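See below for the structure under consideration.
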Amino acid sequence: MYDKKTLYTFMKRVSRFFRDNPKSVRIEKIREVEVNPVTKKRYCLAGDVDYTPHRGKPRIRIDYRRDIVATLIHELVHYFYDDLSESKTRRMESALINQLSKSQVRHLLKMLASRL
């Protein structure tokens, strides 16, 4: 579905995001629960994106009890492509994660850890 060029472009955008927004990603315990309006099923958030910029900067929260890499990619897909539906966001997240190399995952974690 997504090729290496898409992954490369995405990773460049991620690097720019971390460079330009050094304090925008927070890792914390998220206690909010959302309810699916169709199924009425409750689920805990693994992360979220605050689209109202605080002092001109976006804010992404990630729950440290969940898969940090997958959640980070998911929330960044939401941030970069805010017009995508949740199901398309999940598909893109899955495709990107399946294409990531070990060194790309290591790079993501280093960028994230350096901002803590």
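Taken together, the values in this text are just the output of simple stated rules run on the coordinates, not laboratory data. This one's a predicted model, so the numbers in the text were calculated from it and none came from an experiment. For neighbour counting, all protein chains shown are included, and Cβ atoms are generated from backbone atoms with ideal geometry for every residue, glycine included.
Given the structure, is residue 9 over 23 Å from residue 116 (Cβ atoms) and among the hydroxyl-bearing types (Ser, Thr, Tyr)? Yes: the conditions hold for residue 9.
Number of residues in the range 43-85 that are touching a His at 6+ places or on another chain (Cβ under 8 Å) and over 18 Å from residue 109 (Cα atoms) equals 2. Counting only helices (runs of 4 or more DSSP H) wholly contained in the range 28-116, the ones carrying 1 or more residues that are in contact (Cβ under 8 Å) with a residue 40 or more places away in the chain, surrounded by 10 or more Cβ atoms within 10 Å (Cβ to Cβ) and of a type in the set (S, T, N, Q) occupy 86-99, 102-114. Of the residues making up the range 87-108, those that are hydrophobic (A, V, I, L, M, F, W, C) and more than 13 Å from residue 11 (Cβ to Cβ) number 2.
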